Amino acid sequence: MSDTAVDRLRDIRARIRAAEGDADRPAGSVELVAVSKTFDAHEIRPVLEAGQRIFGENRVQEAAGKWPELRAEFAGVELHLIGPLQSNKTAEAVALFDVIETVDRDKIAREIAKEMARQNRRPRLYVQVDIGEEAQKAGIPLREAAAFVARCREEHGLAIEGLMCIPPVGEHPGPYFALLGKIAGEAGVEKLSMGMSGDFERAIPFGATSVRVGSAIFGSRG
Ligand SMILES: *Cc1c(COP(=O)(O)O)cnc(C)c1O
C-alpha cells in the first residue's frame, strides 16, 4: 500500500476506473465521496490540493468545525452528510451540506422541508435504507423504502435523488447492493450511494453512482 493519503487517493481513483471498465460502465460514471470524518483540516488539505472535491462527514458538529475554513481555501467543495441526522441539528445540516444522504424518517423529512424553505437553500437528498433490516441500524426499513420516498415527494415536497445503504457487516454485500438497485427502480430514483473502503469495487457492477471511501484514503481511524 502507498504511504500518503494522496497516493492512496490516486490508487482508489484508478481502482474505480478499472471497476467501471470491468462493468462496461463509462469512465467517470462513479463519483468518489472521500469520507474525512475524524480527520483534521491539515490531514484533509493535501487531498483537496490533489483535486478531490467531494467529501463525506458523519457528524454535523464535527463538519461545522472544519469545513467552513477549508471551503474558504478551496472552491467547488461538495459536502455530503452520511451519518444519522437528529432533528435539532437539521437547520445546521441544511446550511452546511450540499447533499444529505441520510433522510430516513418522516420527522426528519418534515424538518428538512421546513428548513429548506426558511433558508432558501436546497441540498440534494438521498434516502438511507436499512438494507439488512437490522433493527439497530439507521435507515428506513427495506419494505417501507419505496413508500417513504413517495411520501417525501408527495407529502413533504422533497425531491429525492438517490438511495444510500450500508450492508450488514460480515456478509457478502453483492445481494444487498442488488436489492438497493431494485428498490431504486421501484421508487423511481436515479442515484445509488453504496460501497465503502472494503467493498466499493463490488458495488460498481451493481450500479453504484457514488462510493464512500474513508479509511482506504485517509488511513485507519484508530
Ligand atoms: C465511515 C463511513 C464510510 C467510510 O467507511 P470506510 O470503511 O472507512 O471507507 C462510508 N459510509 C458511511 C455511512 C460511514 O459512516
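Laboratory data are not the source of any read-out in this text; all were calculated from the coordinates shown. Because the structure is predicted, anything quoted here is derived from the model rather than measured. Heads up, the Cβs are rebuilt from the backbone with ideal geometry, glycines too, and the neighbour counts pull from every protein chain shown.
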Along the Cα-to-Cβ line of Ser29, 7 Å from the Cα, sits a label point; which residues in region 167-208 have backbone N less than 11 Å from it? 204-208
Mean-position separation - Cα centroids, region 149-174 and region 4-43, in angstrom: 22 Å
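I'd like to verify something in the chain: which complete DSSP H helices, judged by Cα projection on the helix axis, reach 15 Å or more and average at least 0.0 on the Kyte-Doolittle scale?
174-187
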Work out how much length Arg124 to Ser87 would gain on full extension: take 0.36 nm times their residue separation and subtract the Cα-Cα distance, in nm to one decimal. 11.6 nm
Can you give the net charge of the other residues whose Cβ lies under 9 Å from the Cβ of Phe200, counting K and R as +1 and D and E as -1? +1
Along the positive direction of the dipole of region 27-182 (beta-carbon charges: Lys, Arg +1; Asp, Glu -1; about the Cα centre), which of Thr38, Ala135, Val149 reaches farthest? Val149
Net charge over other residues, Cβ less than 12 angstrom from the Cβ of Arg13 (K, R count +1; D, E count -1): 0
Looking only at Lys107, Lys37, Lys191, which one moves most when the chain is put into a Gaussian network model with springs between Cα atoms under 10 Å? Lys107
How about Lys114: which aspartates and glutamates have a C-alpha closer than 13 Å to its C-alpha, ignoring those fewer than 8 places off in the same chain? Glu92, Asp106, Glu155
Quick one: putting +1 on the C-beta of Lys and Arg, -1 on the C-beta of Asp and Glu, what dipole do you get for the chain around its Cα centre, in Debye to the nearest 20? 400 debye
What does the charge count around Leu142 come to, taking other residues whose C-beta lies under 13 Å from its C-beta (Lys +1, Arg +1, Asp -1, Glu -1)? -3
Taking amide H positions as placed 1.01 Å from N in the peptide plane, with prolines and chain starts having none, which residues 5 or more places from Asp130, or on another chain, fall under 5 Å of its amide H? Ile140, Leu142
Normalised by the number of residues in the chain, what is the relative contact order in percent for Cα pairs under 8 Å and 6+ residues apart? 21 percent
Taking R0 as 25 Å and r as the Cβ-Cβ distance between Val6 and Asp98, the FRET efficiency 1/(1 + (r/R0)^6), rounded to the nearest 0.05, comes to 0.60
Can you flag which of Lys37/Lys66; Lys137/Lys182; Lys66/Lys107 are past 18 Å Cα-Cα? Lys137/Lys182; Lys66/Lys107
